[in-house]
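Inspection log for the structure reproduced underneath, given as structure tokens.
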Amino acid sequence: MEYLYIVMISLGIYVILASSFNFVIGEAGLISIAHPAFFATGAYVSAIAALRYGVPIPLAMLLAVVVTFLVSVIISLPALRVSGDYLMIASIGFQLGLIELLKNLAITGGAGGLSGIPSFLVPQIGNGGYAAVVWACAIAVVLVLRYITRSDYGRAMSAMRDDELAFASLGRNPMWVKLWVIGLASAIAGFAGALYAHFFRFMEPDQFDVLQSAALLTMVVVGGMRTSLGPVVGAVLLQILPQAITFLNLPPSVLGPLQGILFTGLVLGFMFFRPRGIVRMDPVWKGALQDAPASGGTHVRGA
Amino acid sequence: MSAVLEIDGVNKSFGGIRVAHDVTLALSGGKVLGLIGPNGAGKTSLFNLVCGIVKPDSGTVRLNGQVLDGMKPYERARLGLSRTWQHIRLMSSLTVLDNLIVGARDYPGENLARVLFSVGSTNAAARRNAEKARDILARCGLEDTADKTLSDLPYGRQKLVGVARAMMNDASCLLLDEPMAGVEGQSYATMQKVVREAAAAGVAVGVVEHNVAFIRDLCDEGVFMFSGRILARGTVEGLISDPRLTELYFGT
């Protein structure tokens, strides 16, 4: 039972990460790979604040959210001023640079990582209770992002993704939209990091490396980009599969490569047979107000 | 009759090619000005310079007396400068109605905090914008297209949607880039009506167009551009009957 709770907690955290990543690359069409780095930022800020400075955990988690928001905006600002391609380059730089930094700073515990991070809520409510909290957060994140996507803000995001120049010429500020999208999604990833740190109580820099970017991208693409449910399905599927194959009792020399083969195979398979993922997006943006009228009946976006 | 848009001594070179050579031009409210000239004369480049998409090497652009130099395209649009594109540039994942709504002057979806925390004001603005968009679509004879997407419409009607979208922000200056290219039949007549109505409402309209009949029917005045220079300004009839300009246009 305890094992199941731990799997559920890990699943919930990946649901939060995949959903917020979809918000950036799917809904807003911004090419960034640094989502695991923002996950790490949140995890490390919260852990260090609580472990080294004795900050009360709820406050440390809040701090993690604020710092991740600010870091993501500061990293993206110069790149967004130039053009879309630079965001990808900046995100690669941040993703790789942060992991090196975490490996080499004393305060982050270097390559050995941080251990003995104070736990949050678990002594009071147990693993089951914490799993419930994580899933409540995950559901809230999915619903809030879905609300935004279907609001007037979502219409602006779709318009910007389609044609940024036309969008700007209508009097809309694309940079402002992008900054808030990245800031919000990164802050959510930072929050997921804090949830992670205070449950697992140990972490090392390699957990947040660029392979995590590939894993998150796979979750979003396989699950269904630009839908609210797709990233949830993708996260659950791609978290459960590796867990499942560990039960096969294969030797580690086979198990290690098998995970990579599984991910790659899934992406290739989906590319050929179901390029839009398990949950298919509606190519036309639909707002919350448009589902009710007769005309909206045929499409229900990301249901 | 005061100038709404003033272009004053604007220069721009791309490498050795001069797309604007000391261009000075004024557009007045309530008037339609046609920009005529062969391909490569710098007509669309002039629009891009005015809209802030291309930065001029020198010169000044003013809208209703306010200097626009250094402003970004979205800032200029907010001050009342609206344009259409030769290749339409409608958003392909939005319906026609949503294409218009996203161009509204007071668009709540620009501000995440407003959308999340000020639901009442957001909904009120959203209702106003949807109503206005439907109103403009009706005036352009596009009521039936509201829920359609770009790919459902013939080219001529896509162009009309582009013009309809440009009218969403109550601009005082409207720049139309080849509104008639590829437009025929009913859409042609509607386009004329829509542009005339905009001018009658006091908007300063600038039109780049190769369709001489359209220019002659619609424009109060025309300017002839050639390799980045304005060579002549006058009645459209006068410009197209000038043998010197005709020669430049057809390149004999």
Open item on the list: Can you list residues from other chains, or at least 5 along the same chain, whose modelled amide H is less than 5 Å from the amide H of residue B:69?
Closed with: B:61
Task: FRET efficiency, 1/(1 + (r/R0)^6) with R0 56 Å, evaluated for residue A:280 and residue B:197 via beta carbons - done: 0.85
Task: Normalised contact order of chain A, rounded percent, pairs of Cα under 8 Å and 6 or more residues apart - done: 30 percent
Open item on the list: Explain nothing, just the number: dipole magnitude of the protein assembly as shown about its Cα centre with +1 on each Lys and Arg Cβ and -1 on each Asp and Glu Cβ, in debye rounded to the nearest 20.
Closed with: 440 debye
Open item on the list: When 1/r is averaged over all different Cα pairs and the result inverted, which Kirkwood radius in Å belongs to chain B?
Closed with: 18.8 Å
- [ ] Per residue of B:94-101, count partner chain C-beta atoms within 10 Å of its C-beta, then hand back the mean as an integer.
- [x] 5
Task: Exercise: per-residue mean of other protein chain Cβ atoms within 10 Å, B:108-120 - done: 5
TODO: Could you give me the radius of gyration and the Dmax of region A:142-210, taking only the C-alpha atoms into account and expressing both in angstrom?
DONE: 16.4, 50
TODO: Output the antiparallel fraction of DSSP beta bridges having both residues in chain B, as a percent to the nearest 5.
DONE: 55 percent
TODO: Would you grab the residues whose amide H sits under 5 Å from the one on residue B:181? Only those 5+ places off in sequence or on another chain, please, with H modelled 1.01 Å from N.
DONE: none
- [ ] Could you pull out the GluC sites (Glu not before Pro) across region B:175-236 that fall in loop regions by DSSP (anything but H, G, I, E, B) with no more than 15 other Cβ atoms inside 10 Å?
- [x] B:184
Open item on the list: Going by average Cβ density within 10 Å per residue, which order do the peptides B:237-246, B:187-196, A:18-27 take, highest to lowest?
Closed with: A:18-27, B:187-196, B:237-246
TODO: Select from A:76, A:186, A:253 the residue whose mean-square fluctuation is largest in a Gaussian network model of chain A (Cα-Cα springs shorter than 10 Å).
DONE: A:253
TODO: Please state the charge dipole magnitude for region B:53-149, taken about the Cα centre, from unit charges on C-beta atoms (+1 on K and R, -1 on D and E), reported in debye and rounded to the nearest 20.
DONE: 200 debye
Task: Normalised contact order of region B:127-221, rounded percent, pairs of Cα under 8 Å and 6 or more residues apart - done: 27 percent
Open item on the list: I'd like the mean, over residues of A:280-288, of how many other protein chain beta carbons sit within 10 Å of each residue's own Cβ.
Closed with: 4
TODO: Positive end of the charge dipole of chain B (Lys, Arg +1 and Asp, Glu -1 on Cβ, about the Cα centre): tell me which of B:97, B:200, B:26 has its Cα farthest that way.
DONE: B:97
- [ ] Beta carbons within 10 angstrom, averaged per residue: use that to sort the peptides B:5-12, A:41-48, A:230-237, B:29-36, highest first.
- [x] A:41-48, A:230-237, B:29-36, B:5-12
Open item on the list: Can you compute 3J(HN,Hα) from phi for each residue in region B:237-251, using the Karplus curve 6.51 cos²θ - 1.76 cosθ + 1.60 with θ = phi - 60°, rounded to whole Hz and x for Gly and Pro?
Closed with: 4, x, 5, 7, 9, 6, x, 5, 6, 4, 5, 5, 4, 8, x
Task: Set of aspartates and glutamates with alpha-carbon distance to residue B:148 below 20 Å, sequence-local pairs under 8 removed - done: A:152, A:162, A:163, A:282, A:291, B:98, B:131, B:135
Task: Per-q log10 I(q)/I(0), region A:105-231, q = 0.10, 0.17 Å⁻¹ (Debye; single scatterer per alpha-carbon; no solvent) - done: -0.47, -1.07
Open item on the list: I'd like the Karplus ³J(HN,Hα) series for region B:174-190: coefficients 6.51, -1.76, 1.60, θ = phi - 60°, whole numbers in Hz, and an x wherever there's a Gly or Pro.
Closed with: 10, 10, 10, 9, 6, x, 9, 4, x, 9, 9, x, 4, 4, 4, 5, 5
TODO: Considering Cα pairs under 8 angstrom that are at least six residues apart, work out the relative contact order of chain B and quote it in whole percent.
DONE: 29 percent
Task: Which listed pairs, of B:43/B:132; B:12/B:72; B:31/B:193; A:286/B:72; B:31/B:72; A:286/B:159, have C-alpha distances above 20 Å, in listed order - done: B:43/B:132; A:286/B:72; B:31/B:72; A:286/B:159
Open item on the list: Treating only the Cβ of Lys, Arg, Asp and Glu as charged (+1, +1, -1, -1), what charge dipole size does chain B show about its Cα centre? Round to the nearest 20 debye.
Closed with: 440 debye
TODO: Obtain the nm distance between the two label points defined at residue A:73 and residue B:39 by a simple spin-label model: each point lies 7 Å from its Cα along the Cα-to-C-beta direction.
DONE: 4.7 nm
Open item on the list: If I fit a long axis through the Cα atoms of helix A:57-82 and take the longest principal axis of the Cα atoms of chain A, what angle between them do I get, 0 to 90°, rounded to 10?
Closed with: 50 degrees
TODO: Quick one: check the C-alpha center-to-center distance for region B:122-162 versus region A:29-79, whole angstrom.
DONE: 42 Å
TODO: Please list the non-local residues whose amide H lies under 5 Å from the amide H of residue B:20, H modeled 1.01 Å from N, same-chain partners needing a gap of 5 or more.
DONE: B:12
Open item on the list: Could you tell me what a quarter of the Cα convex hull surface of region A:1-112 works out to, in nm² with one decimal place?
Closed with: 8.3 nm²
Task: For the protein assembly as shown, alpha-carbon Rg over 2.2 N^0.38 Å - done: 1.15
TODO: Select from B:236, B:166, B:121 the residue farthest towards the positive end of the dipole of chain B; place +1 on Cβ of Lys and Arg, -1 on Cβ of Asp and Glu, and compute about the Cα centre.
DONE: B:121
Task: Phi to ³J(HN,Hα) by Karplus 6.51 cos²θ - 1.76 cosθ + 1.60 over region B:228-235, Hz, x for Gly, Pro - done: x, 10, 8, 8, 7, 9, x, 5
Open item on the list: Starting from the Kirkwood Rh over alpha-carbon pairs, what translational D in µm² s⁻¹ does chain A have by Stokes-Einstein at 20 °C and 1.002 mPa s?
Closed with: 108 µm²/s
Open item on the list: What's the ranking of B:224-230, B:175-181, A:266-272, B:151-157 by average number of surrounding C-beta atoms within 10 Å, highest first?
Closed with: B:175-181, B:224-230, B:151-157, A:266-272
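No value in this document is a laboratory result; all are computed from the given coordinates. Computed from a prediction, not measured in an experiment: that's the story for all the values here. Positions of Cβ are backbone-derived with ideal geometry, glycine not excepted, and every protein chain shown enters the neighbour counts.
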